[in-house]
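Okay, structure first, notes after.
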Amino acid sequence: NSDKLKIKFDKGIIDQNKFLFEAFGKIEAEDLNQNIKIDSEKIVFNNKENILFSTSSSIIRDSYGNKSIVDSFKYEIKKDLLKIKNLHLTDKNNNSLKLSIAYLNTKTNNLYGKDVTVNLNNETFNKNSEPRLKGNSIINNEIQTEIKNGVFTTCKKRDDCPPWELSAEKILHDKENKTIKYKNALLK
């Protein structure tokens, strides 16, 4: 109750010596403080460390309208930190983001990650376009997105390289002013 963590489960095991609770089956976990909902088939809660984790594929939803499918996660509740492996996030605007490793501050919604692929929704582009970005790392928050060593194109996906692409050492998307700035850019 003090941590406002609620877990619904089919089966569970409590290890009082190790302060562990392990749940199996259909699981719905919810952090009422941060409005995060997690669906999984196996979850472990370490009550002593205040850590919730799973090595099973899970779905995480937040108050921003994001739906994330992850291979595994570790949620350090007191630190407001969610560590994720193989994140596939779809936001409320139907943009898709994939990261091999991601760190999410659940209080500020700041996202940090590496090996980023972003597939943007196509509502502001030509209907035949498939706008997308790839990069080595990302820092994302409500105000801006920064991608390092990134490549952008709107060309349709195909076996060959795209007909054109814009690569840059740093790509900075200012969400409030709706501008994109490139540092050391090259158009191929």
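From the list Ser58, Ser100, the lone residue that is crowded, with 18+ Cβ neighbours inside 10 Å and in contact with a strand residue (DSSP E or B) (Cβ under 8 Å, 6 or more places away or on another chain) is Ser58.
This table checks each residue for (1) within 30 Å of Ser56 (Cβ to Cβ); (2) in contact (Cβ under 8 Å) with a residue 12 or more places away in the chain.
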| position | (1), (2) |
| --- | --- |
| Lys98 | yes, yes |
| Asn121 | yes, yes |
| Ser129 | no, yes |
| Ile139 | yes, yes |
| Gln144 | no, yes |
| Lys148 | no, yes |
| Asp160 | no, no |
| Glu169 | no, yes |
| Lys181 | no, no |
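Do the conditions hold for Asn50, that is, is it free of Cβ contacts under 8 Å to residues at least 60 places away in the same chain, crowded, with 16+ Cβ neighbours inside 10 Å and on the phi > 0 side of the Ramachandran plot? Answer is yes for this residue. Restricting segment 173-182 to residues that are within 13 Å of Glu142 (Cα to Cα) and assigned to a strand (DSSP E or B), which is least open to solvent (accessible area, probe 1.4 Å)? Out of the qualifying residues, it is Asp174.
Scanning segment 131-164 for residues that are open to solvent by 40 Å² or more (accessible area, probe 1.4 Å) and farther than 28 Å from Asn110 by Cβ returns Lys156, Lys157, Arg158, Asp159, Asp160, Cys161, Pro163, Trp164. Among the residues of segment 53-71, what is the count of those that are over 14 Å from the mean Cα position of the chain (by Cα) and either modelled with pLDDT under 95 or not in a strand (DSSP E or B) (or both)? Number of matching residues: 2. The residues listed here are Lys74, Lys78; of these, the one that is at pLDDT 95 or above, basic (Lys, Arg) and under 30 Å from Lys4 (Cβ atoms) is Lys74. Output the residue which, of all residues in segment 77-97 that are in contact with a Gly (Cβ under 9 Å, 6 or more places away or on another chain) and either farther than 12 Å from Lys67 by Cα or among the polar types (S, T, N, Q) (or both), is most open to solvent (accessible area, probe 1.4 Å). Filtering segment 77-97 for residues that are in contact with a Gly (Cβ under 9 Å, 6 or more places away or on another chain) and either farther than 12 Å from Lys67 by Cα or among the polar types (S, T, N, Q) (or both), the one most open to solvent (accessible area, probe 1.4 Å) comes out as Asn93. Does any residue of segment 22-37 turn out to be surrounded by fewer than 14 Cβ atoms within 10 Å (Cβ to Cβ), modelled with pLDDT of 95 or more and charged (D, E, K, R)? Within segment 22-37 (the criterion being surrounded by fewer than 14 Cβ atoms within 10 Å (Cβ to Cβ), modelled with pLDDT of 95 or more and charged (D, E, K, R)), the answer is yes, since at least one residue qualifies.
Among the conditions (1) of a type outside the set (Gly, Ala, Ser); (2) farther than 18 Å from Phe73 by Cβ; (3) at pLDDT 95 or above, Pro163 misses just one, which is (3). Among the residues of segment 73-92, the ones that are assigned to a strand (DSSP E or B), without any contact (Cβ under 8 Å) to a residue 40 or more places away in the chain and not aliphatic (A, V, I, L, M) come to 8 in all.
The values are calculated or read from the model by the stated rules, or taken from the named source; none is laboratory data. Just so we're clear, the structure is a prediction, and the values are computed from it rather than from any experiment. Heads up, the Cβs are rebuilt from the backbone with ideal geometry, glycines too, and the neighbour counts pull from every protein chain shown. The protein model used for the area step is the full one, side chains on, heavy atoms only, and it has no ligands, DNA or RNA in it. Shrake-Rupley method; radii C 1.70, N 1.55, O 1.52, S 1.80 Å.
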